[in-house]
Each structure stands twice: as C-alpha cells, then as structure tokens.
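Have a look at the structure below, then the notes.
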Amino acid sequence: MTRKCRVLAVDDSAFTLTIISTYLEHSEFEVVAAARSGNQALDVFEELDPDVVLLDIVMPGLSGQETLKRMLSIKPHIRVVMVSSLGTEEDVRECLDIGAKDFLPKPFTKEDLIQFLRRVVDGSEEGHVQ
Amino acid sequence: MKRFGQFLLTRGLVSDAGLREALAKQSDTIVPVGALAVENHYLTEEQVRTIGEAQRVVDKRLGEIALERQWLTGDQLQELLETQANRRQMLGEVLVQLGQLPPEAMNRAIAEFEAIENEHGRQLRTLLSTLPFSEVIRSLLEFTAKHFLRTTRQPVKMTSVCFERCLDLGSNSNRPRFFSQRAVGDRSLIFGLLLDKSTILHLASRMLEEERDALDELVLDSVCEFVNMIVGNCLASLRKDGIRLHPEPPRLWNADDVERELFACTRVEMVYPDGELNAVFSFAVAG
C-alpha cells in the first residue's frame, strides 16, 4: 500500500495551520506536524522527515527564508513550498534562489492547495503520492 | 438602500412600520446571482445546476462555490453582486406602489438624497487624495474591500473619513477588537481594523467554514490572518509601483498598545449595503 505524502506545515497563524489540516483531510496528503515558528519546525524536522514542507515567510523570530536555509542544510533535497500573502516576483525569486520548490500565494482554496501539492510532488523524482 | 430608508425616516417622509413593510417587499424582488451569471455568460446553466447540487450538502453561497471551482473570478462576482443590488426594485418605487408616498414627493426625496450622497462621495475622495501616503491608503482600502467581498460575499462601502487622536476600544466584553499590522520601510506604517464582536465571529466563521460563537484564540487568530492577507496582498501590489514596505506579523492590540502606538490615525468607516457591518479601517504613520 502506498503511504500518504507527509506534510510539515509551518505558520505562526493558527488559522492557516487549521485550514491546511482541514483542507488536506481525506486527500493523499497527511499533515504530520503543524509548527507555529521556524524554530519549532526545525526541532521536529529531522525526526519527522516530511516529504513536503509548507512554510510561511513572515513569522516572528526565525523568518521563512532563514528556516528554509536551515532545512536545506539538513536535507538538501527537501521539497519546501513557501506560503505567503506577500507574493511579489522578488519574494518568489528570493525563495526559489535559496532552494524552495515553489510559492503558494494566500489566500488559497482547498482545490488550490491540493492541486499545488500534487504539482510539487509530481514534479519531483521521489513522489510518494498514491 | 437602508441609508435611503434612514434618510426618509429622518425627513419624516415615511413611518417606521411603512419602511419595514417596503423593505420586506423589496427583498422579494432580488434576482439570484446564478441567473445573473448565466445572463452575463460567466456561468453555464449546467454549472449553476451543479453548484445547486453541491449546496444541498454544504452550506455555502453560489458565488463562494464558483470561486472555489475557479468558475468565477473575484471581479466577476463583485460585478454580479453590484448588478444584483442595482437590479432589485428600488425602495422608493416600492414605497410609491404601497402608497406610502406620492410619486412627486418621492422624486424630490430621491434627488435630494442623491445630491447629498454624491457630494459626500466627492468629499471622501478629495480628502483621501490629499492625505500623506494616499496611494498606500487607497490600496489598503481597495484590498480591504476585496477581502471582505471574498470572505463574506458582500461588497463594502466607505461612509466617512476622519482623523482621530486615538481609537476608543472601551472596556466591556463586547468592546470592539483592534487587529493591527505594522509595515516597515522608509517609514513605519500601521494598518488596523476595528471590528465588533459579531463581525469578528462572522468573518471567522466564513474563513473556518464552520459556525463560531465565541472569541477564542482560533477566531481571533483567523481575523489576524484576514488582516495579514489584506496587508500582504497590498504591499505586493505597491512594490510593483516602487513602494517597498515589509510587513511584521499581525496581532490583536490592547488599549495600551493603541494608546502608545497609534497617534493621529486616519479612520474610515465601512458598511455593507444593508448597513449591517461595523468595521473601522485605521491607518497611521508610526512615530
């Protein structure tokens, strides 16, 4: 049996984490952890070994970009998708230059999120989607 | 049109009971958004039927489902809602039909009301264009209206612009809450929304897709995120025009925060067309 694609969601907004978990229920994706900060996410990142990370950019403490750099230094091939309402070309380019796979602008619908994740996973060589 | 009804009441041209009867009759004349969407060729009849079937199992409006399925854009929905508001029978017409007011008196009242509204709108636009950071304020207002429409399916309208020394949050449990976010760049700017309890619960219920009846952490956080999306989308748009500001995370401010941080803010009051919204947009240049 193919296992679900494991997602780590990182956002200081409890709303965003709730809505991501709700949207991914009954899909081929599973939220294995929801972290409220970059540091909290890094604490569980290695142990959980997620397939995809959904990472907010604007967070108190460690920014999304800095969290992305640290995750990539631990696991260079991790698929990280930046999620933010601040979707300028410049932000997208900066995150992609660091090594993010893609950029999902807020607000998003359930369909947006699932289709986006499918595209990110299908576009990689290590997809775990059923 | 509630504002027109209020105008007629204050002028003593209709009675309270007469106005209520006319408003009830007027609501029977609303054309469904689905019918308007088909008429404008934005949706097919088949799509409207499919949405109708979906509505049997989920408590969502047609526009909301159409947006989710990307069958309508936000701009198309806004246009349809405006058409719907314009298409329904005018309150004045209903009052005349009910014999509440003779046609000549109604025509005079409409002309007077429109003149006041037009002058009011002109003054608001002039005032906004003369403010420091007017470009930022206009953009924030535009995104605020867009996000209210997207989330609550109702267009909002500005009713007043003024300057205030400080916002009064009050102290009882039903006091309005102030959701605020700072953006930092050449200058530090503060955007905020002052919302009453029922508006907060309504917004959060729509965002979380389930009814909420208490101001718990998740509800308050949802409205913070509502502000975050307005500010983020606005700043992204402003960067295309060369205005570079970086947002800090949004948060709920208490009275001390407001007293300390929010000096001389621009205050814009906003309402839904039916008047059932209590939202105040605030903008300030931080010290």
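The values are calculated or read from the model by the stated rules, or taken from the named source; none is laboratory data. Everything numeric in this text was worked out from a predicted model, so none of it was measured. No Cβ is skipped: glycine too gets one built from the backbone with ideal geometry, and neighbour counts run over all protein chains shown.
Taking the criterion of being over 16 Å from A:Leu104 (Cβ atoms), part of a loop (DSSP other than H, G, I, E, B) and aliphatic (A, V, I, L, M), the only residue of the stretch A:19-68 that qualifies is A:Leu62.
Which of the strands (runs of 3 or more DSSP E) contained wholly in the stretch B:193-287 include at least 3 residues that are farther than 30 Å from B:Phe4 by Cα and touching a helix residue (DSSP H, G or I) at 6+ places or on another chain (Cβ under 8 Å)? Full working, then the answer.
Numbers: elements: B:245-247, B:251-253, B:265-271, B:279-285.
The strands (runs of 3 or more DSSP E) meeting that bar are B:245-247, B:251-253.
Of the residues in the stretch B:150-161, at least one is out of contact with any strand residue (DSSP E or B) (no Cβ under 9 Å at 6 or more places or on another chain), more than 18 Å from B:Val280 (Cα to Cα) and in a loop (DSSP other than H, G, I, E, B).
For the stretch A:106-118, what are the residues that are more than 8 Å from chain B (Cβ to nearest Cβ) and closer than 16 Å to A:Asp11 by Cβ?
Residues of the stretch A:106-118 that are more than 8 Å from chain B (Cβ to nearest Cβ), as a first pass: A:108, A:112-118.
Hits for the stretch A:106-118 are A:Phe108, A:Asp112, A:Leu113, A:Phe116, A:Leu117.
Condition check ((1) at pLDDT 90 or above; (2) surrounded by fewer than 22 Cβ atoms within 10 Å (Cβ to Cβ)) across all residues:
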{"site": "B:Ala204", "(1), (2)": "yes, no"}
{"site": "B:Glu209", "(1), (2)": "no, yes"}
{"site": "B:Leu220", "(1), (2)": "yes, yes"}
{"site": "B:Glu225", "(1), (2)": "yes, no"}
{"site": "B:Met229", "(1), (2)": "yes, no"}
{"site": "B:Gly242", "(1), (2)": "no, yes"}
{"site": "B:Asp256", "(1), (2)": "no, yes"}
{"site": "B:Glu269", "(1), (2)": "no, yes"}
{"site": "B:Leu277", "(1), (2)": "no, yes"}
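Pairs meeting the criteria (first residue in the stretch B:213-231 and more than 7 Å from chain A (Cβ to nearest Cβ), second residue polar (S, T, N, Q), beta carbons under 6 Å, at least 6 apart or on different chains) are B:Val227/B:Gln181; B:Ile230/B:Thr144; B:Val231/B:Gln181.
Being at pLDDT 95 or above and of a type outside the set (Gly, Ala, Ser) is not true of A:Leu62.
The residues on offer are B:Leu101, B:Leu72, and the sole one that is under 25 Å from B:Glu210 (Cα atoms), aliphatic (A, V, I, L, M) and in a loop (DSSP other than H, G, I, E, B) is B:Leu72. Reported count of residues in the stretch B:23-35, each being surrounded by fewer than 19 Cβ atoms within 10 Å (Cβ to Cβ) and under 13 Å from B:Leu77 (Cα atoms), is 2.
Pairing residues of the stretch B:246-261 that are within 14 Å of chain A (Cβ to nearest Cβ) with residues that are surrounded by fewer than 16 Cβ atoms within 10 Å (Cβ to Cβ) and of a type in the set (Phe, Trp, Tyr), at Cβ distances under 8 Å and at least 6 apart in sequence or on separate chains, gives no pairs at all. Going by the structure shown, is A:Asp91 within 14 Å of chain B (Cβ to nearest Cβ), assigned to a helix (DSSP H, G or I) and out of contact with any helix residue (DSSP H, G or I) (no Cβ under 6 Å at 6 or more places or on another chain)? Yes, satisfied.
What are the pairs, 6+ residues apart or on separate chains, where a residue within the stretch B:172-190 that is without any contact (Cβ under 8 Å) to a residue 60 or more places away in the chain has its Cβ under 9 Å from a residue that is of a type outside the set (Lys, Arg) and part of a strand (DSSP E or B)? Filtered contacts from the stretch B:172-190: B:Asp186/B:Leu245.
Restricting attention to the stretch B:180-192, and to residues there that are within 12 Å of chain A (Cβ to nearest Cβ) and touching a helix residue (DSSP H, G or I) at 6+ places or on another chain (Cβ under 7 Å), which single residue is farthest from B:Val271 (Cα to Cα)?
First, pick out the residues of the stretch B:180-192 that are within 12 Å of chain A (Cβ to nearest Cβ): B:181-184.
With touching a helix residue (DSSP H, G or I) at 6+ places or on another chain (Cβ under 7 Å) added as a condition, the list becomes B:181, B:183.
Details: B:Gln181: 22, B:Ala183: 26 Å.
Filtering the stretch B:180-192 for residues that are within 12 Å of chain A (Cβ to nearest Cβ) and touching a helix residue (DSSP H, G or I) at 6+ places or on another chain (Cβ under 7 Å), the one farthest from B:Val271 (Cα to Cα) comes out as B:Ala183.
For the stretch A:69-88, a tally of residues being within 12 Å of chain B (Cβ to nearest Cβ), more than 16 Å from A:Asp12 (Cα to Cα) and part of a strand (DSSP E or B) returns 0.
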